[in-house]
Amino acid sequence: MNIPRYVDTFEEEAPIDLAEVNRQLEQDNQEIAELEAKINDQLKVLGVQM
């Protein structure tokens with residue numbers, strides 16, 4: 001007998017909160033924009049042209 005063939009042994013995954021994922025993505029994008037601005041400011045101080 002091949003028991004796994006007849007019995008579902010998979011565990012159900014927790015549902016993903018898409019609204020929370022979207023909020024986190026927006027927050028991450030905001031942080032990236034702030035960091036890029038800081039990097040660009042430092043590059044200007046160093047005299048690096050971008």
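The table for this structure:
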| item | result |
| --- | --- |
| Single residue of 35, 18 found to be at pLDDT 95 or above, surrounded by fewer than 10 Cβ atoms within 10 Å (Cβ to Cβ) and not small (Gly, Ala, Ser) | 18 |
| Selection within the stretch 8-46 - of a type in the set (Val, Ile, Thr) and outside any loop (DSSP other than H, G, I, E, B) | 21, 32, 39, 45 |
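The values are calculated or read from the model by the stated rules, or taken from the named source; none is laboratory data. Just so it is clear, the model here is predicted, and its values are computed rather than measured. Here Cβ is always computed from backbone atoms with ideal geometry, including for glycine, and neighbour counts include all displayed protein chains.
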